[in-house]
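These notes concern the structure reproduced below.
Just so it is clear, none of the values below were taken in a lab; they were calculated from the coordinates. Treat the numbers as computed from the prediction; the structure is a model and nothing was measured. Every residue, glycine among them, receives a Cβ derived from its backbone with ideal geometry; neighbour counts consider all protein chains shown.
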Amino acid sequence: MSKKRILIVEDEALTVLALKHDLTELGYEIAGDASTAADALRAAEDNRVDLVLMDIQLDGEISGIAAAAAIRGHPDIPVVFLTAHASAEMVLHAVESGAFGYLLKPYTLPELKAAIDIALHKHESENAMRRVLSSPMSTSVAQPRST
């Protein structure tokens, strides 16, 4: 089984370095990093990314929440927010963006791993359900008989 590739979207350099170390230690591969929403969108499209770890407050004019919604809409990559912001309003915006997880800083390694693994599993399950629902109906479905 290949390592899952994680894109880090974070504007604090020390946090990026810590995440790269922690994710590598947990067995993930780093697909890249970005500090702005625009760079995150490009990186998500240009790299083979399995999951995005996204800060909510980023450099630039576009928030991490808006970037997450765009990433979920186009390349369909699960996003887990990793942020210091815990307000109910921020969590609601994250939910509305289609986030697969919300992890508060500072995090522990078990919390980080659990958030990523749950998000990846949920995304794979949703994709499997979409495939089943979009497949042609089986011809063995009982049809009403005309008499």
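Observations, loosely collected:
- For the chain, the tally of Lys pairs with Cα-Cα distances below 20 Å comes to 10, considering only residues 8 or more apart or on different chains.
- Kyte-Doolittle at least -1.0, axis length at least 15 Å by Cα - qualifying DSSP helices, the chain: 13-25, 109-134
- Each of Tyr102, Tyr28 was scored by other Cβ atoms within 10 Å of its Cβ. Arranged with the fewest first, they read Tyr102, Tyr28.
- Listed candidates [x] 72, 37, 36; [y] 47, 34, 31; [z] 74, 35, 28 - label of the one calculated as Cα extents along the principal axes in Å: [z]
- Extended-chain gain in nm, criterion 0.36 nm per residue less alpha-carbon gap, Lys105 and Glu124: 4.2 nm
- Ordered by the count of other Cβ atoms within 10 Å of each Cβ, fewest first, Phe100, Phe81 give Phe100, Phe81.
- Potential extension, Ala13-Val91 segment - 0.36 nm per residue separation minus Cα distance: 25.7 nm
- Working ranking of peptides 18-24, 51-57 by packing, defined as the average number of other Cβ atoms within 10 Å per residue, highest first, is 51-57, 18-24.
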